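None of the figures in this text is laboratory data; all of them are computed from the coordinates on show. A quick note: this is a predicted structure, and the numbers were derived from the prediction, not measured. Methodologically, a virtual Cβ is constructed for each residue, glycine included, from the backbone with ideal geometry; neighbour enumeration extends over all protein chains shown.
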Amino acid sequence: MVSCFEKKQYSERGNCDCFHFGVFMDSRIGHAAYEPAIYSIHSISDLTPHEKLFRIEIPDAVDFRHEPGQFVQLSVWGWGEAPISISNSPTRKGYLEFAIRHAGSLTGALHQMRPGSKIGLRGPFGNGFDVNRLRSQNLLLIAGGCGLAPLRSLIQYCEDCRDEFMDIRILYGAKTPHDLLYKSDLAAWMESETFDCRIIVDFVAPNHGYSGKIGLLPELIPPLEVEAENTTAVLVGPPMMYPFVVEALRKKGLDDERIMVSLERHMKCGIGKCGHCAIDHFSCCIDGPVFLLRDLQGTEWAG
Amino acid sequence: MKTITCDQFHHFLYSIREDFEIVGPVILHDGTLSLGRLTAEPLALFAGRIPFRFTSLFFPHSERLFAMSDEYRFDKSGSSAKPLLVVGWRAEDLEALEFIDEFFRTGFRDDVFCDRRQSSVVIGVSGRCGVNGEFCRISEGKCDMELIYDGKHFIMAEYTENGRFLSEKIVWGEETDSLEALLQESRALRTPEREILQTASQLLMRNQVDDDFWAEIADRCIQCTSCTNVCPTCTCFDVYDMRLKRKIERYRMWDSCQMSGFMREASGHNPLASQSDRTRRRIRHKLVDDLHRWGRMTCFLCGRCDDVCPTGIGMKAVAAEIVERFG
Amino acid sequence: MKKTLTTCPFCATGCMYYLQSDHDKFVGIEPSTVHSIAKGHPCVKGWNAFQFIHHPDRLTTPLIRKNGVLEAAGWEEALDLVVHTLPSLQARYGHDSIMFFSSARTTNEENYLFMKLARAVFKTNNVDHCARLCHSSSVLGLAATFGSGAMSNSISCVDEADTFFVIGSNTTENHPQIGARILQSVKRGAKLIVADSRTIRLAKAATLHLRHRNGSDVALINGMMHVIIRDGLENREFIESRTQNYEQLKNTVLRYPPSIVAEITGLTPQEIIDAAHLYATSPAAMIIYSVGITQHTHGVDNVRSLANLAMLTGHVGRPGTGVNPLRGQNNVQGACDMGALPNVFSGYQKVADEAVRQKFVNEWRVADLPAHAGLPMTRALNAAERGEIKGLYIVGEDPVISDPDQGHVRNALQQLDFLVVQDIFLTATAEYADVVLPAACFAEKDGTFTSTERRIQRVRKAALPIGGARADWEIFCEIASRAGYKYMHYNAPSEIMDEIARVTPIYGGISYSRIDQIGLQWPCLDEHHPGTPILHVGRFVGGMGCFCPAEYRPPAETPDAEYPFILTTGRSYFHYHTGSMTRRTRLLEREENRSYVEINPVDAHRLGIRDRDFVMVATRRGEIVMSARMTKDITPGVLFITFHFEESPGNLLTNNALDPESHIPEYKVCAARITRKP
Ligand SMILES: Cc1cc2nc3c(=O)[nH]c(=O)nc-3n(C[C@H](O)[C@H](O)[C@H](O)COP(=O)(O)OP(=O)(O)OC[C@H]3O[C@@H](n4cnc5c(N)ncnc54)[C@H](O)[C@@H]3O)c2cc1C
Ligand code: SF4
Ligand code: SF4
Ligand code: FES
């Protein structure tokens, strides 16, 4: 009897229009929805006293493709899973880099790990930065604190595909000079002709060798000359930063179609099911984390 | 269409017990109505709505996603060998089921839910099957087969291949075509509550409900999480690991947006920091946000949250209050 | 898919629900919609009560300390050690050199057996349990006035009251189902007086919120009685026909006019008058209190004063009235009923009473039983510190976290020659143990719990105990028989209940068959007795009600220049006591995972403290670091902390000053200092 019983056919992919990166589903690592693929940590290095850089090598056999700004769900066995941004550009193949802050139990356990330790990965998830929208634009890439982790993937992308964009300015703020992520990358970007890269820190301990600007990130914006009609700003940082930076950008004449924000939410599944990342009718994990400010109008995004 | 008596239907169920895991309304030890396996007792098909979240059959309170051994080998929780046959859900229940089916398979397919759901057959019950013989709306197609009670018999309406397959196995019963009258009665049922819900939804959409209202409702919420735990369309879950001796197990379990930890991030930032934010979300999510995202409100007025809320602020109660104050 | 009807292991509200298990794994909770209290909605702790059962930290084998470390051992070896060591200590230091701490977490049957073990087998009345720390003041205070120390009315009475006087109880957090019912009653028009220095959730719905100074309860209540008598609102008929000692009360409260009380309590005279009028003029007024009343050096006085107030106005013995102590632990009522107390057998039958002793001598078939009362647990720890108590057997309790002045407790435990801890997790206390016995938890055994409304309800075995754990009652029986006592053998807990019913008049009519679906409320005298939803109807349990006036005494420790704040303690809704269960429950631990101190923004600004800053809170007994939580809900000058968190244990700070009669420690008030952690 059971043999005649028909299993319902459910389509593998649904019809949700917010799902424009569905094409990458085929290259997802981890096949069942919640089962991670196992990877060894290739190397670990210190970025700041609280942040470390983790590198994973992707074998050639794995067809892994991602967009700048996407994230993975990273498993630390016994501690659960956390969303972590991919910090390198898809143009730099064969590996993935994650800059991870010691924020709690899972990230704490991760910080204890050594090269060779096994972690789990699912992903990539999220929409990433809409590169099509950024092409042929002047870019204002603005990051606060940990926000440089996802933004670096876009910066590297811009570096590797420099011709696709017009002027690129990078504004980065951190609490103290110690807390600056990717110090050597920053030095290189400041040196290079490719970018105009400016840095600011909230405060500096006495006798610290730092000679750069001191103040809050939004203070970097007013002095800039901005051609509002062909500039797009990309913001990644802590929630408290957004209102001030957005305000400063609006003063420069950027409307909400020209401001792109990447939002952080508590995430458990990364695939639009668990409900933790909801921003009104959006699920930050599949509709975001990157949004045009225009699309967020009327929602509680800044809450 | 065939008619069949309740006894005959049970005979039929017993006859297919080897092939299906049969689940339906049963009375538990102290009289609580619930879902359970078919035993020697007949199913409580006329005992009213099952108060608990019936979708827990497919999306249980907690479940293991996988176990992983020391050697990094996965062991997925074994699914039961037999297909599931579920009997006794009402039209509102079936609408809720239809929604969560869509929810779990759209976009990324939730294989844990879908695999379990796929190998199941659902038989709805409607017609004059209320506790006191009241008329229960006919779902007209949101299940594999519907048993429509006319006061004496079930009229069997088959909606899918699986439904027809089952129906063919039933050797009893007579052909009938008397469904039309029942259908008309069903369609004529007035649903004033739906109108209230729609009005509330519009008021919310137009931002006509002020913050004070939410603060007032929120002061009454004791955060028991009963409402979100019994709601058939609440799908939020938490994922966590258990560290055992030689393996780890990853589980998921129901979560509740009424808890402040639900959205709190490691940084301490919390989009739902106050209870009034959370109460607002509980109502808005179903009446506004899901309307945007899924094209329909996802409260099907089953009334479970209103029944369990210890302080009287379930969906229907809050919607009615919104309409009364701001309508 | 198995569903087992059982009673919630957390608070004494006593909700029942079904534990869902699948192949002996616990997978969820399904509420009973029929149960008179739960009505389909457990609180958040109840909804999550299945998770800790199979937590990997569960103890699964006995442990014995060898060369200073606890090592896994067999049951044989562990039980032999217990059975040999305890009597040998008694032989050397006297019968009363050992002490038994029973557990309000375990079943009635187990409490009964444990006190039987102490009394019949080890011949000592040194048996007590944590009611000492929560409601010993109620037991004494209400026994003196009403003749019975339990909640006078039923939870369902909340639906019938017109006015509530809630004092010293954060009901919505600690007895959520009762708190919710109060909110519902207020919605339908009942009046609510909340006396609490914090703006608790109930206070937001209150008709009158009295933020009286912590520890000034007696003054407040005396003041209310003063106004009631002054304005002629007392219930003359009730006073005359049902009480005695009225004149004495009148003389005492005469000295508490609103003007003086206002000064002591920090309230306005009008607030006191309003509260008195509201309470006295209502047709049915219900007093609800909890450990905010009892845990003071004047705890018994507080309770007596509340009883006086109720008698003065005749709000006793009717639906919707009464004096209602809300008990904390799931089975603290039962543990008291079962005589896990140093001075009484089960059913509050005094050990000093010759006839009572003879009854137990006969039932238990022993030669004699000790006649003098044993030590209360707070005194026992002091005695241990002095080296007078040598052996201690603790069941299901974690005094290191739950008792006041942690330094003192640790020191006392260290002084012991022999410590047995029987628990489901390796608690902070178990780390001092010489023998640790792994017990079955509520889901792994049969038995009964008695809820705060005196309702005896079934607990059912839904799965076998994890690993090598055993039910507490089986362990006790095994110890008794190894110690050579023959009359502690039962095939099932129902047989223990039958014995309890034989020797305990108030449980006389209880049997498993009668409480199969819904429990009965004691007194239930024989097998036809329907149980007693409301006590003192028409007649007090003790005959006449007796007014016991009390004078205001300040707390043992009051703020001064060095320690300028009042520190008060309590629970968070999401955690249960020492947190051994709730902190191993995913959603509850996520909700609140570290200790915090509530402080008013005014104080915080003055001290340069911001929300979530790390701060140091210090008292004369110690200091702990925790994060600050700014809230206007707390009055300036007061700090509030919880005691769930082992990492920064609130009870390192609290004062072990005891009430002279009930020996309850003053958890609710001590002097403290707070500074921002650099
Ligand atoms: C799309 C996305 C991308 C991300 N990318 C990155 C990235 O690239 N790099 C990165 O480092 N992070 C990233 N994050 C953040 C990262 O996911 C979190 O830091 C991580 O989940 C923390 O997990 P945990 O288990 O370590 O912390 P948990 O243990 O879950 O966090 C708890 C932390 O919060 C504190 N806390 C808990 N409760 C309270 C309370 N009541 N009050 C105050 N504090 C409390 C705890 O003390 C603890 O420090 C990203 C997040 C998202 C959503
Ligand atoms: S059932 Fe009611 S009290 Fe409980 S969480 Fe829901 S709204 Fe709050
Ligand atoms: S903790 Fe108390 S109120 Fe909550 S479910 Fe358990 S018994 Fe009921
Ligand atoms: S992370 Fe689960 S829905 Fe977005």
Discussion item. Within segment C:542-594, take every residue that is small (Gly, Ala, Ser) and not in a loop (DSSP other than H, G, I, E, B) and give me the one that is farthest from the other protein chains (Cβ to nearest Cβ).
Written reply: C:543
Worksheet item: Inside segment C:208-238, can you point out the residues that are out of contact with any Asp or Glu (no Cβ under 7 Å at 6 or more places or on another chain), surrounded by 20 or more Cβ atoms within 10 Å (Cβ to Cβ) and in a helix (DSSP H, G or I)?
Response: C:217, C:219, C:220, C:221, C:222, C:223, C:224, C:225, C:226, C:227
Response to the item:
Requiring at least 1 residues that are surrounded by fewer than 16 Cβ atoms within 10 Å (Cβ to Cβ) and either basic (Lys, Arg) or more than 14 Å from chain A (Cβ to nearest Cβ) (or both), the strands (runs of 3 or more DSSP E) wholly within segment B:1-44 are B:21-27, B:33-37
Worksheet item: Under the condition of being farther than 15 Å from residue B:224 by Cβ and among the β-branched types (Val, Ile, Thr), which residue from segment C:1-50 is nearest to ligand 4 (Cβ to nearest atom)?
Response: C:27
Response to the item:
The number of residues in segment C:12-30 that are within 16 Å of ligand 2 (Cβ to nearest atom) and either among the hydroxyl-bearing types (Ser, Thr, Tyr) or touching a His at 6+ places or on another chain (Cβ under 6 Å) (or both) is 2
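Against the definition (touching a Leu at 6+ places or on another chain (Cβ under 8 Å) and not aliphatic (A, V, I, L, M)), how does residue B:164 come out, yes or no?
The answer is no for residue B:164.
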Worksheet entry | Qualifying positions in segment A:43-77 - part of a loop (DSSP other than H, G, I, E, B) and in contact with a strand residue (DSSP E or B) (Cβ under 9 Å, 6 or more places away or on another chain) | A:47, A:48, A:50, A:58, A:62, A:64, A:65, A:66, A:67, A:69, A:70, A:77
Fill in: Identity of the residue in segment C:35-91, assigned to a helix (DSSP H, G or I) and polar (S, T, N, Q), that ends up farthest from the other protein chains (Cβ to nearest Cβ)
C:90
Discussion item. Being surrounded by fewer than 24 Cβ atoms within 10 Å (Cβ to Cβ) and assigned to a loop (DSSP other than H, G, I, E, B) is the filter here; which residues of segment C:171-189 pass it?
Written reply: C:188, C:189
Item to complete: With respect to residue C:593, determine if the residue is closer than 30 Å to residue B:242 by Cβ, of a type outside the set (A, V, I, L, M) and surrounded by fewer than 22 Cβ atoms within 10 Å (Cβ to Cβ).
Response: yes
Discussion item. Need the failing condition index for residue A:240 against (1) buried (at least 19 other Cβ atoms within 10 Å of the Cβ); (2) within 16 Å of ligand 1 (Cβ to nearest atom); (3) among the aliphatic types (A, V, I, L, M), just the number.
Written reply: (1)
Response to the item:
Looking across segment A:262-275 at residues that are closer than 16 Å to residue A:150 by Cβ and assigned to a loop (DSSP other than H, G, I, E, B), the single one that is farthest from ligand 3 (Cβ to nearest atom) is A:263
Fill in: Matching residues, segment C:175-205, being touching a helix residue (DSSP H, G or I) at 6+ places or on another chain (Cβ under 8 Å), under 22 Å from residue C:266 (Cα atoms) and within 14 Å of chain B (Cβ to nearest Cβ)
C:192, C:194, C:200, C:201, C:202, C:204, C:205
Worksheet item: Going by the conditions given, is residue A:275 within 16 Å of ligand 2 (Cβ to nearest atom) and of a type in the set (Gly, Ala, Ser)?
Response: yes
Worksheet entry | 2 or more residues over 30 Å from residue C:541 (Cα atoms): qualifying strands (runs of 3 or more DSSP E) within segment C:416-516 | C:418-423, C:435-438
Worksheet item: Quick one: what pairs do we get from segment B:273-285, first residue within 8 Å of chain A (Cβ to nearest Cβ), second more than 16 Å from ligand 4 (Cβ to nearest atom) and part of a helix (DSSP H, G or I), C-beta under 6 Å, 6+ apart or different chains?
Response: B:284/B:204
Worksheet item: Among the numbered criteria (1) away from chain A (no Cβ under 11 Å); (2) more than 24 Å from residue B:110 (Cα to Cα), which single criterion is violated by residue B:230?
Response: (2)
Worksheet item: Which residues, taken from segment B:263-318, are more than 22 Å from the chain's Cα centre (by Cα), away from ligand 3 (no atom under 16 Å from the Cβ) and in a loop (DSSP other than H, G, I, E, B)?
Response: B:263, B:264, B:265, B:266, B:267, B:268, B:269, B:270, B:271, B:272, B:273, B:274
Worksheet item: Does any residue of segment C:57-75 turn out to be closer than 20 Å to residue C:396 by Cβ and of a type in the set (S, T, N, Q)?
Response: yes
Practice prompt. Would you please name the residue that is nearest to ligand 3 (Cβ to nearest atom), looking only at residues in segment A:276-296 that are within 13 Å of residue B:271 (Cα to Cα) and either more than 7 Å from chain B (Cβ to nearest Cβ) or touching a strand residue (DSSP E or B) at 6+ places or on another chain (Cβ under 9 Å) (or both)?
Written response: A:276
Item to complete: Count, please, the residues in segment B:238-269 that happen to be at the interface with chain A (Cβ under 10 Å from one of its Cβ atoms), free of Cβ contacts under 8 Å to residues at least 60 places away in the same chain and of a type outside the set (A, V, I, L, M, F, W, C).
Response: 12
